[in-house]
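Beneath this line is the structure, given in structure tokens, with notes to follow.
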Amino acid sequence: MSDTSTATRLVKGVVLLALLVVLLALPLYVEEFWLRTGFAVFAAIIGAVGLNLLVGTTGQLSLAHAFFLAVGALTYVYVSGDPGGSAIEYGGFGLPPIVGMVAGVVMAGLAGVLFSPIAARLRGIYLGVASLGLVFIGQHLLNTWTSVSGGFNGRLAPAFDLFGFSFGGNEEPYLAVLGVPFGQAERLWYLGLALCALACWFASNLLRSRPGRALQNVRDSEVAASVMGVNVQEYKAKVFLVSSMYAGLAGVLYALSIGSVAPESFSLLLSVQYLAMIVLGGLGSVGGAAMGAAFVSALPLVLQQYSGSLPFIVEPGQPGIVASQAAAFLYGGAIVLVVMFEPGGLAGLARRLKRQPRPPQESPPVSTTSSAPADSSSGGTPR
Amino acid sequence: MSTTQLRKDVRPLTIDNVTVRFGALLALSEVSFSVEPGAVHAVIGPNGAGKSTMFNVLSGVYEVSEGEVRFGDEVLTGRKPHQIARLGVARAFQNIALSGSQTVVQNLMLGRHRLTTAGFVSAGLRLPKARNEEKRHTARVCEIAEFLELGNKLHVPVGVLSYGDQKRVEVARALSTEPRLLLLDEPVAGMNAEETARMAQTVLEIRDALGITVILVEHDMGMVMGIADRVTVLDFGRRIADGTPDEVQADPEVIRAYLGSGDETDPAAAAAHGTAEETP
Ligand SMILES: Nc1ncnc2c1ncn2[C@@H]1O[C@H](COP(=O)(O)OP(=O)(O)OP(=O)(O)O)[C@@H](O)[C@H]1O
Ligand SMILES: [Mg+2]
């Protein structure tokens, strides 16, 4: 048994390595649109992996993800942006972008800590309802606190740079690899890839270790977890903190990806999209969250790009279906299909496609996420 | 009573006048008894007698309406479950409460929670400290799995195991916490006669090898009378008897409780063939 598990781990490692090589080489071959889409996808993956720790692993529903993305994005533009604005004036510290990025993650974490006493005491769907409030508070703040947000029209996000190496704007210093000039899109691609890989690595380490096991048992049986020595409230609070820090980083990258931030970007719809990503991907797995995030975040961009050659999609402003609506229909439909036919999501589908003939795993009698035969035990209690 | 060396830190358990109310229902009513260190102490009684409720009180899941539970000189009542777990009280659940998607080893590693320290940062970054800890405790947990005859199922998700195996994982997980007091809630429910006999043997070995106290809730009278040093009988939340297996089986009130509740066997007769096979 342990032979097969090392074998699967080996296969997994090889696949991941191959994927990494492809992703590293991609900027040499594909055009700018795909690199920009890729950066948006990396940002979404980070956010989805973080939300998945909370919802998929721990079983705590949160609709507040958009709020924490907003905190990350706004902190970044305020800390690293310069004061400006014409109709509505806004401030900014103009600090180096890396400071803004770290501050974005930290501030989102702080916001998470402030909310965590609530997150620790509520369970599942009740937390979902309570967290809804944060989205509306966030919307209100974004619209009224104009010296930070720039108000309704938003404000520009400063380009990222790291110790003089620019990821946007002036493209300094000049860099070319194998004759391909590395401009803004190429540079951002690698930035996103590195942060995304780090975020996924951290999350999957977590899942395979002491805190991850505790979180999964909190999901499967809170009573059992606490009786085994897990401080359930503490763990719920901590995973909420971690999840909001992931959202904060995703928010910073989101701002970099769009190039600006506006209040309307961080509405409830964004929270719902993130939930869609992890449900599509298959709750609980890092790889699944990544696949779901790629699908949901790339779809509208791709449909938009090819709207000319897609008969049913029109340019914005014309009568008909625009790309973002078409994408919403598509992933909405996909969610219904997944929930009905493959509750394991894309990750479950992938597992099924590569499933080896391993007898005990062929027909799991119960859903793999619940503490299996809880009901059969009471029925089978002999007297 | 056991002839083996008692662990020095194993303390007597005192249940003192414990009452648990759920609205109008008295799940436990002024129940008192004590459990000697190193004993195998059985708690029996008809369905709904309050046995699992007693375990929920001992492990801190339910609050008492009145009364107190002491483990040595530590008062358990009023503490949170995870605080009680840290004192070395472990429990195997009647209704299996494992993580079905996780492997046997991963489930047992949850039992090591109180003995390990890796946090979000050290685990997420795979710091050497966390990895060494993980390796050491995994080795120990595999030994425990071996002991519970799960050695060839270490990396199987528990959700696909048979019911009997899941029961064994429950016991193994409780044991993985290296407890001083082990609470087993119907560990042989759903097992056949041979498996039951092996589990009975295992319980005795646990007590003898580790010198810890075991409290056993079980309907299988054969097993109870065979291995218990002492038996407490509950009926409708009241303690109706407390004594050696022989005393309890001869107790008229115990016989009445078992006959009166519509059961056609009395504990003595049940002891002769065991009741596990009565219901599927
Ligand atoms: N959380 C609860 N809320 C309300 N009533 C409860 C609760 N827990 C237990 N009870 C009630 O308390 C009584 C005792 O239940 P308990 O589970 O302790 O019985 P038991 O002796 O373990 O029975 P069994 O042999 O069937 O496992 C039952 O009437 C049960 O319905
Ligand atoms: Mg019970």
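The values are calculated or read from the model by the stated rules, or taken from the named source; none is laboratory data. Everything numeric here is computed off the predicted structure, so don't read it as measured data. Because the Cβ atoms are built from the backbone with ideal geometry, glycine has one as well, and the counts that use them run over all protein chains shown.
From the set of residues in the stretch A:211-225 that are in contact with a Gly (Cβ under 8 Å, 6 or more places away or on another chain) and not basic (Lys, Arg), which is farthest from the other protein chains (Cβ to nearest Cβ)?
A:Val218
Counting only residues that are at pLDDT below 65, give me the helices (runs of 4 or more DSSP H) lying completely in the stretch A:269-383 with at least 1 of them. So that I can check it myself, show each step before the final result.
Details: elements: A:286-305, A:323-341, A:345-353, A:359-362, A:374-379.
By residue number, A:359-362, A:374-379.
Could you check the stretch B:203-224 and list, in sequence order, the residues that are more than 16 Å from ligand 1 (Cβ to nearest atom) and either crowded, with 21+ Cβ neighbours inside 10 Å or within 18 Å of B:Val43 (Cα to Cα) (or both)?
Within the stretch B:203-224, B:Val203, B:Leu204, B:Ile206, B:Arg207, B:Ile212, B:Thr213, B:Val214, B:Gly222 meet the criteria.
Test of understanding: among B:Val224, B:Val217, which residue is within 14 Å of chain A (Cβ to nearest Cβ) and in contact with a Lys or Arg (Cβ under 6 Å, 6 or more places away or on another chain)?
Criteria check complete, one pass: B:Val217.
Which of the residues spanning the stretch B:2-25 are near ligand 1 (Cβ under 9 Å from one of its atoms) and in contact with a Ser or Thr (Cβ under 7 Å, 6 or more places away or on another chain)?
Within the stretch B:2-25, B:Val20 is the sole residue that qualifies.
Among the residues in the stretch A:106-118, are any at pLDDT below 90, more than 19 Å from A:Leu249 (Cβ to Cβ) and surrounded by 14 or more Cβ atoms within 10 Å (Cβ to Cβ)?
Scanning the stretch A:106-118, I find at least one residue that is at pLDDT below 90, more than 19 Å from A:Leu249 (Cβ to Cβ) and surrounded by 14 or more Cβ atoms within 10 Å (Cβ to Cβ), so the answer is yes.
Residues of the stretch A:226-268 being among the polar types (S, T, N, Q) and not in a helix (DSSP H, G or I), which ones?
A:Asn231, A:Ser260, A:Ser267
Any idea how many residues of the stretch B:69-79 are without any contact (Cβ under 8 Å) to a residue 60 or more places away in the chain and surrounded by 15 or more Cβ atoms within 10 Å (Cβ to Cβ)?
Looking only at that region, the number is 5.
Cβ-Cβ distance below 6 Å, separation of 6 or more or different chains: which pairs start in the stretch B:42-58 with a residue that is within 11 Å of another protein chain (Cβ to nearest Cβ) and end on one that is in a loop (DSSP other than H, G, I, E, B) and within 9 Å of ligand 2 (Cβ to nearest atom)?
From residues that are within 11 Å of another protein chain (Cβ to nearest Cβ), the pairs are B:Ser52/B:Gln94.
Which pairs do you get when a residue that is at the interface with another protein chain (Cβ under 7 Å from one of its Cβ atoms), found in the stretch A:195-210, comes within reach of a residue that is in a loop (DSSP other than H, G, I, E, B), reach meaning Cβ atoms under 6 angstrom, with the pair 6+ apart or on two chains?
Going by the 6 Å Cβ cut-off, the qualifying pairs are A:Asn205/B:Arg126; A:Ser209/B:Ala118; A:Arg210/B:Thr116; A:Arg210/B:Ala118.
What number of residues within the stretch B:62-92 satisfy the criterion of being farther than 18 Å from B:Ser34 by Cβ and away from ligand 1 (no atom under 16 Å from the Cβ)?
So the count comes out to 8.
So for the stretch B:174-181 (the condition being buried (at least 23 other Cβ atoms within 10 Å of the Cβ) and within 16 Å of ligand 2 (Cβ to nearest atom)), does at least one residue qualify?
yes
Sort out which residues of the stretch A:284-296 are over 13 Å from A:Ala43 (Cα atoms) and either free of Cβ contacts under 8 Å to residues at least 40 places away in the same chain or crowded, with 24+ Cβ neighbours inside 10 Å (or both), and write them in order of number.
Once the filter is applied, which keeps residues that are over 13 Å from A:Ala43 (Cα atoms) and either free of Cβ contacts under 8 Å to residues at least 40 places away in the same chain or crowded, with 24+ Cβ neighbours inside 10 Å (or both), the stretch A:284-296 yields A:Gly284, A:Ser285, A:Val286, A:Gly288.
Check off (1) more than 16 Å from ligand 2 (Cβ to nearest atom); (2) closer than 23 Å to B:Ala27 by Cα for B:Gly211 and give me the number that stays unchecked.
(2)
Residue by residue, here is whether (1) within 10 Å of chain B (Cβ to nearest Cβ); (2) at positive phi holds:
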{"residue": "A:Val227", "(1), (2)": "yes, no"}
{"residue": "A:Val232", "(1), (2)": "yes, no"}
{"residue": "A:Phe240", "(1), (2)": "no, no"}
{"residue": "A:Ala250", "(1), (2)": "no, no"}
{"residue": "A:Gly259", "(1), (2)": "no, yes"}
{"residue": "A:Pro263", "(1), (2)": "no, no"}
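Does B:Asn95 meet the test of being among the polar types (S, T, N, Q), at pLDDT 95 or above, within 16 Å of ligand 1 (Cβ to nearest atom) and surrounded by 20 or more Cβ atoms within 10 Å (Cβ to Cβ)?
no
Could you list, in sequence order, all residues of the stretch B:21-68 that are crowded, with 20+ Cβ neighbours inside 10 Å, among the small types (Gly, Ala, Ser) and away from ligand 2 (no atom under 12 Å from the Cβ)?
Of everything in the stretch B:21-68, those that are crowded, with 20+ Cβ neighbours inside 10 Å, among the small types (Gly, Ala, Ser) and away from ligand 2 (no atom under 12 Å from the Cβ) turn out to be B:Gly38, B:Ala39, B:Ala42, B:Ser59, B:Gly60.
Just wondering, is there one or more residues in the stretch B:176-187 that are farther than 19 Å from B:Asn95 by Cα, within 20 Å of the chain's Cα centre (by Cα), more than 11 Å from every other protein chain (Cβ to nearest Cβ) and part of a strand (DSSP E or B)?
There is at least one residue in the stretch B:176-187 that is farther than 19 Å from B:Asn95 by Cα, within 20 Å of the chain's Cα centre (by Cα), more than 11 Å from every other protein chain (Cβ to nearest Cβ) and part of a strand (DSSP E or B).
Hey, any hits in the stretch B:73-80 for a residue that's within 13 Å of ligand 2 (Cβ to nearest atom) and in contact with a strand residue (DSSP E or B) (Cβ under 8 Å, 6 or more places away or on another chain)?
no
Those residues that are on the phi > 0 side of the Ramachandran plot and either more than 15 Å from ligand 1 (Cβ to nearest atom) or acidic (Asp, Glu) (or both), I need them from the stretch B:34-51; list them, please.
B:Gly38
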